[in-house]
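The values are calculated or read from the model by the stated rules, or taken from the named source; none is laboratory data. None of the values given here were measured: they were computed from a predicted structure. All Cβ positions, glycine included, derive from the backbone under ideal geometry; neighbour counts span all protein chains shown. The protein model used for the area step is the full one, side chains on, heavy atoms only, and it has no ligands, DNA or RNA in it. Shrake-Rupley method; radii C 1.70, N 1.55, O 1.52, S 1.80 Å.
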Amino acid sequence: MQQFFDTRKRPWLVWVGFALVGLSLALLPFALAQVGTTWVRITNYAILYVLLALGLNIVVGFAGLLDLGYIAFYAVGAYTYALLASPQFNLHLPFWVILPIGAAVAALFGVALGAPTLKLRGDYLAIVTLGFGEIVRIFLNNLSRPVNITNGPQGITGIDPFKLDGFSFGAYQSFLGLEFSGPIKYYYLLLAVVLGIILVNLRLQNSRVGRAWEAIREDEIAARAMGIDTRNLKLLAFAMGASFGGVAGGMFSAIQGFISPESFVLVESIMVVSMVVLGGMGNIWGVILGAVLLSFVPEILRWTVEPLQHALFGRQLVEPEVIRMLLFGLALVLVMLYRPAGLLPSAVRKRELEERAA
Amino acid sequence: MDTFLQQLVNGLTAGSVYAVVALGYTMVYGIIQLINFAHGEVVMIGAMVAFTIINLLVPTGLPPLAIVLIGAGCAVPICMLVGYAMERLAYRPLRYAPRLAPLITAIGVSIILQHLALMIWSRNILAFPQIIPSQTYFIGGAAITTVQIAILAICLTLMASLAILVYRTPLGTAMRATAQNAQVAGLMGIDINRVIAITFVIGAGLGAVAGVLFGTYYGIAQYTMGSVLGLKAFSAAVLGGIGNIPGAMLGGVLLGLVEALGAGYIGDLTDLCQYGFPLDACEGGGHFILLGSNYQDVFAFVVLILVLVFRPQGLLGERVGDRA
């Protein structure tokens, strides 16, 4: 059996594998829609989290800069989209104009955060980024006076969905006898974006830039001695990570149709960091696994815990949300205790750990 | 001038509480280089436990001071236990793991503690019963209440006792030795695990008292109070130079002052009308306030970022021996 799956002897097997994965990804939303459209939506949010986790992975995993305020860039992207495509300022630009703007604005914020903090070491950087995230959120919350920009805690409503020449991603449509609801269409769009970004990440990891980041992560002084421009590369990591966050934010805005500062709290930043670390920092597949797990498992818990309580005790003893977060916290602790390098550690990290243990 | 003095008093009160919480962060960081994210939640649990007990005891008609003391007296050991448990279960096994791993467990522990509190106390806001007859004194135009005086006195006492403990006792010497170099300290016959556990327990005990004080000052306690308070206290610790005990005290007080003064003055300072901007809102003595006091929470972070950019080791400098 094992011999049969030896891809060196049967290279076409790789393509069969790709085809199978592609097919299941293509059919997934229809299978999920059978259970309920909610699950398609949950999948969409999971993909958004994958996007965020991949963006953060560039900063934390590749370059080794711990960023605890990453959600700020998501917020910047989301608000850029919302302000340029909603009744707030009566602007309705098309999405393919706004998304690059959102990515650019987020990248600008990334550089703005990165530039003054270049010299800071791990923990200090963590706390400054955390503060930065809070500052952005507080501003979003308060920029409704004296001039109303963000509409404060009420948030912005009526954000345009993605539209392309009358083809709206938000609306229901029937095509070739298949029923395409809004979430299903967004699923394909998100899937395309996420595949593109995975490709960028994969190419980036083994590029000149990617290797330079790794060198900086391992030993910044040695990296500089080897002629790596640490300043610009660190800024580039911040800018790239931030721009991915900005794109994800713009898509979040369009899918949701409504955003408020509530969506960009510290817990969200921590959630994304947890995804990256839990899955295995620096390993793209690990990060994706982490994001998928952490976005689905809590949802599954939400749907099972409540009926379980009713069955066992006849009433709801504990809110499902509380149990969800308790288990989430517990999972973070347990995974770190038993797999400190994450579920799918990157090869380099694994080697480091073994060295240290030896 | 009145505003200035008043905000000075308020800032000192809040700042001294920040300082006591910051001590918990800085002691732990100094000794094992861990940002104990869950410390804010320990403070919250201290406040919640104390408030529950105080509310239970009010109908018994005991003297108010005794009630508060019993409440705090129950909160401190419970928080110490929580502090010990989290060191033992979540941090000790990871002492030699990569540095991010214990940071993530710290985040996990903080989530667990916060939601355990939510389970026990639900989302209700616990109110501090009006049992202490609060009297207001006036010093040169600024009002200061009995509660504020008590908070200042207690915080100063705590900080002084901690300083004595750390710099004048064998245990303190052991703690400082472990902070400088755990391995060598171990070779000198110091039980490192014990010293680290004691550090956590002391930090948690201080946190419990700070939680009670903070709750008493603002009159309320809720399961969410820990995160913001913890964040600010951590900023205070970094401000003073993390790992540096006098630094945490200074950082806490400074942060409280900056926050209070900033909140008191930013509205006036950013009123564009006084700078002669020709705005409609300014007609007839109106105001066009760019940033109001609702930006109070921003100050902590802006100050933090500025200090770190210009003086990355914090005001008093971090503990040496960390650069190896």
(request) Determine whether A:Thr150 is more than 12 Å from every other protein chain (Cβ to nearest Cβ) and open to solvent by less than 20 Å² (accessible area, probe 1.4 Å). (result) yes
(request) Restrict the check to the stretch B:227-238 and report whether at least one residue is surrounded by fewer than 24 Cβ atoms within 10 Å (Cβ to Cβ), part of a helix (DSSP H, G or I) and more than 14 Å from every other protein chain (Cβ to nearest Cβ). (result) no
(request) Output the residue which, of all residues in the stretch A:219-262 that are at pLDDT 90 or above, open to solvent by 20 Å² or more (accessible area, probe 1.4 Å) and among the polar types (S, T, N, Q), is nearest to A:Gln88 (Cα to Cα). (result) A:Ser243
(message) open to solvent by less than 40 Å² (accessible area, probe 1.4 Å), more than 23 Å from A:Phe238 (Cα to Cα) and assigned to a helix (DSSP H, G or I): which single residue out of A:Leu140, A:Leu83 fits that description?
(response) A:Leu83
(message) Suppose we filter the stretch A:139-149 for residues that are within 28 Å of B:Gly230 (Cα to Cα) and touching a residue at least 40 places away in the same chain (Cβ under 8 Å); how many remain?
(response) 2
(request) May I ask you to list the residues in the stretch A:116-133 that are open to solvent by 20 Å² or more (accessible area, probe 1.4 Å) and under 13 Å from B:Val302 (Cβ atoms)? (result) A:Pro116, A:Phe132
(message) Out of the helices (runs of 4 or more DSSP H) lying entirely within the stretch A:174-263, which hold 1 or more residues that are closer than 30 Å to A:Pro153 by Cβ?
(response) A:182-205, A:230-256
(request) For the stretch B:94-116, name all the residues that are among the small types (Gly, Ala, Ser) and surrounded by fewer than 22 Cβ atoms within 10 Å (Cβ to Cβ). (result) B:Ala97
(request) Please find, among A:Ala239, A:Ala248, A:Ala254, the residue that is in contact with a Pro (Cβ under 6 Å, 6 or more places away or on another chain) and not polar (S, T, N, Q). (result) A:Ala254
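For (1) at pLDDT 80 or above; (2) within 23 Å of A:Thr129 (Cα to Cα); (3) not in a helix (DSSP H, G or I), each residue gets a yes or a no:
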| site | (1), (2), (3) |
| --- | --- |
| B:Gly256 | yes, yes, no |
| B:Ala263 | yes, yes, no |
| B:Gly267 | no, no, no |
| B:Leu291 | no, yes, yes |
| B:Asn294 | no, yes, no |
| B:Val298 | yes, yes, no |
| B:Val302 | yes, yes, no |
| B:Ile305 | yes, yes, no |
| B:Glu318 | no, yes, yes |
(message) Give all pairs with beta carbons closer than 6 Å in which a residue from the stretch B:77-96 that is outside any helix (DSSP H, G or I) meets a residue that is open to solvent by 70 Å² or more (accessible area, probe 1.4 Å); count only pairs at least 6 apart in sequence or on separate chains.
(response) none
(request) For B:Pro102, indicate whether it is in contact (Cβ under 8 Å) with a residue 60 or more places away in the chain and within 14 Å of chain A (Cβ to nearest Cβ). (result) yes
(message) If I filter the stretch A:113-129 down to residues being assigned to a helix (DSSP H, G or I) and over 21 Å from the mean Cα position of the chain (by Cα), which single residue comes out as farthest from the other protein chains (Cβ to nearest Cβ)?
(response) A:Ala115
(request) With the condition kept exactly as written, say whether any residue in the stretch A:288-297 is open to solvent by 60 Å² or more (accessible area, probe 1.4 Å), farther than 28 Å from B:Ser227 by Cα and more than 12 Å from every other protein chain (Cβ to nearest Cβ). (result) yes
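Does A:Leu326 satisfy the condition of being open to solvent by 60 Å² or more (accessible area, probe 1.4 Å), at pLDDT 85 or above and within 13 Å of chain B (Cβ to nearest Cβ)? Explain how you work it out, then say what you get.
Working: open to solvent by 60 Å² or more (accessible area, probe 1.4 Å): no; at pLDDT 85 or above: yes; within 13 Å of chain B (Cβ to nearest Cβ): yes.
In short, no.
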(request) Can you work out which of the residues in the stretch B:34-63 that are part of a loop (DSSP other than H, G, I, E, B) and under 26 Å from the mean Cα position of the chain (by Cα) is nearest to the other protein chains (Cβ to nearest Cβ)? (result) B:Ile35
(request) Looking only at the stretch A:50-79, count how many residues are of a type in the set (Ser, Thr, Tyr) and either open to solvent by 20 Å² or more (accessible area, probe 1.4 Å) or within 23 Å of A:Val292 (Cβ to Cβ) (or both). (result) 2
(request) Give just the number: which of (1) open to solvent by 10 Å² or more (accessible area, probe 1.4 Å); (2) in contact with a strand residue (DSSP E or B) (Cβ under 7 Å, 6 or more places away or on another chain) does A:Phe18 not satisfy? (result) (2)
(request) Filter the stretch B:192-226 down to residues that are away from chain A (no Cβ under 12 Å) and assigned to a loop (DSSP other than H, G, I, E, B) and give me whichever is farthest from B:Ser122 (Cα to Cα). (result) B:Gly219
(message) Looking only at residues that are of a type outside the set (A, V, I, L, M, F, W, C) and under 19 Å from A:Ser274 (Cα atoms) in the stretch B:96-107, which one is modelled with the highest pLDDT?
(response) B:Thr105
(message) Just to be sure I understand, how many residues within the stretch B:140-192 are among the β-branched types (Val, Ile, Thr), out of contact with any Gly (no Cβ under 6 Å at 6 or more places or on another chain) and surrounded by 17 or more Cβ atoms within 10 Å (Cβ to Cβ)?
(response) 6
